[in-house]
Amino acid sequence: EAYRNISLIIRRPPGREAYPGDVFYLHSRLLERAARLNEDYGGGSLTALPLIETRANDISAYIPTNVISITDGQIFLETDLFNAGQRPAVNTGLSVSRVGSSAQTRAMRQVAGSLRLDLAQFRELAAFAQFSSDLDKATQARIDRGRRITEILKQPQYRPIPVEKQVMIIYAANNGYLDDVPLDLVAEWETNLYRYMDANHSEIGQEIIEKSVNARNKMSDELLKKLGDAIKEYKETAAPRPQEQKPQAASPEQAAQAAEQAQQAAS
């Protein structure tokens, strides 16, 4: 903004959205500093993470599109998602990676291949459901599963989650193990699952780690079956369940009224 205003004041020829024509080259020149050094220069690499503040979530403005055209993708953080408690507040529909699944482990690709599409469809259905109260069972089931997937993707600050545990919870969500879990119990259900797997089936997590180290190895059908059986066992024996509401004791006034009604009925 300041650069644009100064350029207009000194009467530099304006371009798109009144920015001077050299804005693109300023960005590219800055980002070209990110490089991988050869051994003659000491080796190593320098990664650039440009941060762009949008106005009213407008990703199509000049500066955002300018930087997007240079980088290998973007993570779009949305204020509305943040205020709704979704943190990190990543908009999966507008976030793009040109590297794609090449940066993922094979195990993660197996369980999370359709996750981005499922979340995008869930957001569309959830927006539609605000204007319609009459939803068929299939649509309602997809919305309910989308809400639970959204819950498991929440991550507290400074608490990284190991890859093998990410694989476990995403597998559980995609295969319907969370469908009947109340929304307010999903976080507790997830935490207890990690503890249960560490205590009773640590070999499964170790196998997932071994598959993740080598990007060419995928999880076998046998390993997926073991993971599914372990999650089912956890759900039947150790998963948190909603507490049953105890009937409230009647007040003295209600008890007196009930006794009076009983006398009238007897007479």
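Could you count how many residues in the stretch 71-120 are closer than 30 Å to Leu26 by Cα, among the β-branched types (Val, Ile, Thr) and surrounded by 13 or more Cβ atoms within 10 Å (Cβ to Cβ)?
Residues that pass the stated criteria total 5.
Just wondering, is there one or more residues in the stretch 137-155 that are outside any helix (DSSP H, G or I), of a type outside the set (Lys, Arg) and either without any contact (Cβ under 8 Å) to a residue 60 or more places away in the chain or in contact with a Ser or Thr (Cβ under 7 Å, 6 or more places away or on another chain) (or both)?
No; the residues of the stretch 137-155 include none that is outside any helix (DSSP H, G or I), of a type outside the set (Lys, Arg) and either without any contact (Cβ under 8 Å) to a residue 60 or more places away in the chain or in contact with a Ser or Thr (Cβ under 7 Å, 6 or more places away or on another chain) (or both).
Go through the stretch 168-186 and give me each residue that's touching a Lys or Arg at 6+ places or on another chain (Cβ under 7 Å) and assigned to a helix (DSSP H, G or I).
Ala173, Leu183, Val186, listed by residue number.
So which of Ala173, Ala187, Ala199 ends up being crowded, with 19+ Cβ neighbours inside 10 Å and at pLDDT 90 or above?
Ala173
Pull up the stretch 202-243, narrow it to residues that are outside any helix (DSSP H, G or I) and of a type in the set (A, V, I, L, M), then point me to the one that is farthest from Ile169 (Cα to Cα).
My answer is Ala215.
For the stretch 121-133, indicate whether the set of residues that are assigned to a loop (DSSP other than H, G, I, E, B), aliphatic (A, V, I, L, M) and surrounded by 12 or more Cβ atoms within 10 Å (Cβ to Cβ) is non-empty.
No: zero hits.
Kindly provide the set of residues from the stretch 72-109 that are within 18 Å of Gln155 (Cβ to Cβ) and of a type in the set (Lys, Arg), ordered by number.
Listed by number, the list holds a single entry, Arg87.
Restricting the stretch 166-216 to residues that are of a type in the set (S, T, N, Q) and under 21 Å from the mean Cα position of the chain (by Cα), which is farthest from Thr105 (Cα to Cα)?
The qualifying residue farthest from Thr105 (Cα to Cα) is Asn192.
Among the residues of the stretch 120-134 satisfying the criterion of being over 16 Å from Ile149 (Cα atoms) and of a type outside the set (Gly, Ala, Ser), which is farthest from the chain's Cα centre (by Cα)?
By that ranking, first place goes to Asp134.
Of all residues in the stretch 177-203, how many are without any contact (Cβ under 8 Å) to a residue 40 or more places away in the chain and among the hydrophobic types (A, V, I, L, M, F, W, C)?
Residues flagged as without any contact (Cβ under 8 Å) to a residue 40 or more places away in the chain and among the hydrophobic types (A, V, I, L, M, F, W, C) within the stretch 177-203 amount to 6.
Can you name every residue in the stretch 93-119 that is of a type outside the set (Ser, Thr, Tyr) and within 14 Å of Ile149 (Cα to Cα)?
Val111, Ala112, Gly113, Leu115, Arg116, Leu117, Asp118, Leu119, listed by residue number.
Look at Lys165 and say whether it is in a helix (DSSP H, G or I), surrounded by fewer than 20 Cβ atoms within 10 Å (Cβ to Cβ), touching a residue at least 40 places away in the same chain (Cβ under 8 Å) and among the basic types (Lys, Arg).
It is true that Lys165 is in a helix (DSSP H, G or I), surrounded by fewer than 20 Cβ atoms within 10 Å (Cβ to Cβ), touching a residue at least 40 places away in the same chain (Cβ under 8 Å) and among the basic types (Lys, Arg).
Within the stretch 1-17, is there a residue that is small (Gly, Ala, Ser), in contact with a Phe, Trp or Tyr (Cβ under 9 Å, 6 or more places away or on another chain) and surrounded by 10 or more Cβ atoms within 10 Å (Cβ to Cβ)?
yes
The values are calculated or read from the model by the stated rules, or taken from the named source; none is laboratory data. Only a predicted model underlies this, so the values are computations on that prediction, with no experimental measurement involved. Note that we place each Cβ from the backbone using ideal geometry, even for glycine, and neighbour counts take in every protein chain shown.
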